[in-house]
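Step one of this worksheet: look at the structure below.
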Amino acid sequence: MTMICLGIPACTYSPEEHRVVIDQVVRPGDTYTGYVLVESNVLRNPTGFLNTFPNGGIPRILSQEVKVFEVHADDRESRLLADISANDATWESFSGHIVGFDAQNNLFLELSGCEKGGDCYNGLRNRRFFRINRDRRLEPISNVPSDIRLPGIMLARRQGEVNYVRFSIRQDTLKARFQEDGEYTSVFVTDEEGMLIPVLTTTSHQTVIPEMAEIP
């Protein structure tokens with residue numbers, strides 16, 4: 001017997017869901033500045049019997065994107081540098097990664113994924129490359145130079161370091177600490193659109209989330 005899905009309860013999807021994850025934070029040099037990569041997507045999960053059988057069902061992905069922010073941890077200011085959506089060539093297993101910096105302080109970004117509707121493994125993975133230049137403008141490039149590296153991570157204060165800050169990621173929250181023996185405190189959280197919202201702490205230790213502040 002052939003089963004046909006024509007709007008019956010067996011073939012339904014949930015309302016739209018927004019999923020946002022802070023995936024990476026990079027701090028270049030002796031500074032309170034960090035560069036944050038946020039991945040977000042909008043999807044609908046299968047809810048009907050036919051959609052969830054036999055492997056639990058596959059979500060219907062409506063959109064996928066990566067955002068890159070420049071943040072100042074000490075004054076809780078952020079600036080959106082890049083907002084790039086997945087295309088058909090990078091739709092399956094779409095992801096982004098900050099590759100590193102060059103000597104001129106240009107930032108390099110890689111996005112990857114596979115053809116929409118196809119299989120996805122290393123041999124089929126497509127890549128897109130971008131440079132965020134010193135003026136913080138996004139530029140597509142053909143490849144990343146071979147000498148690009150990420151800054152090293154060290155929890156202890158480096159010799160001669162003045163602007164001490166260390167970052168930590170907790171799903172949708174960016175945390176920072178400003179003393180070697182201090183605790184991490186929340187400095188930014190994401191909203192459902194993947195934007196970073198500053199978190200301010202009052203003298204009574206209450207958390208305040210104001211409207212987003214941008215670096216001019």
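For region 136-188: of the residues being assigned to a strand (DSSP E or B) and aliphatic (A, V, I, L, M), which is surrounded by the fewest Cβ atoms within 10 Å (Cβ to Cβ)?
Filtering region 136-188 for residues that are assigned to a strand (DSSP E or B) and aliphatic (A, V, I, L, M), the one surrounded by the fewest Cβ atoms within 10 Å (Cβ to Cβ) comes out as ILE141.
Quick check: is even one residue across region 110-117 within 29 Å of PRO198 (Cα to Cα), of a type outside the set (A, V, I, L, M), in a loop (DSSP other than H, G, I, E, B) and in contact (Cβ under 8 Å) with a residue 12 or more places away in the chain?
No, the conditions are met nowhere in region 110-117.
Could you say whether any residue in region 16-38 is of a type outside the set (A, V, I, L, M, F, W, C), at pLDDT below 80 and touching a Gly at 6+ places or on another chain (Cβ under 6 Å)?
For region 16-38, residues of a type outside the set (A, V, I, L, M, F, W, C), at pLDDT below 80 and touching a Gly at 6+ places or on another chain (Cβ under 6 Å): absent.
Are there any pairs with C-beta distances below 7 angstrom linking a residue in region 118-138 that is on the phi > 0 side of the Ramachandran plot to a residue that is modelled with pLDDT of 95 or more, with the two at least 6 apart or on different chains, and if so which?
As it stands, the answer is ARG136/GLU70; ARG136/LEU81, since those pairs meet every condition given.
Kindly indicate whether PRO198 is closer than 27 Å to VAL42 by Cα, surrounded by 15 or more Cβ atoms within 10 Å (Cβ to Cβ) and in contact with a strand residue (DSSP E or B) (Cβ under 8 Å, 6 or more places away or on another chain).
So PRO198 fits the description; yes.
Scan ALA82, ALA73 and give me the residue that is aliphatic (A, V, I, L, M), under 16 Å from GLU139 (Cα atoms) and surrounded by 18 or more Cβ atoms within 10 Å (Cβ to Cβ).
Every option except ALA82 fails the conditions.
Collect the residues in region 153-195 that are within 23 Å of LEU43 (Cβ to Cβ) and of a type in the set (Val, Ile, Thr), keeping them in residue-number order.
Across region 153-195, the qualifying residues are ILE169, THR173, VAL189, THR190.
The values are calculated or read from the model by the stated rules, or taken from the named source; none is laboratory data. All values derive from a computational prediction rather than experimental measurement. Methodologically, a virtual Cβ is constructed for each residue, glycine included, from the backbone with ideal geometry; neighbour enumeration extends over all protein chains shown.
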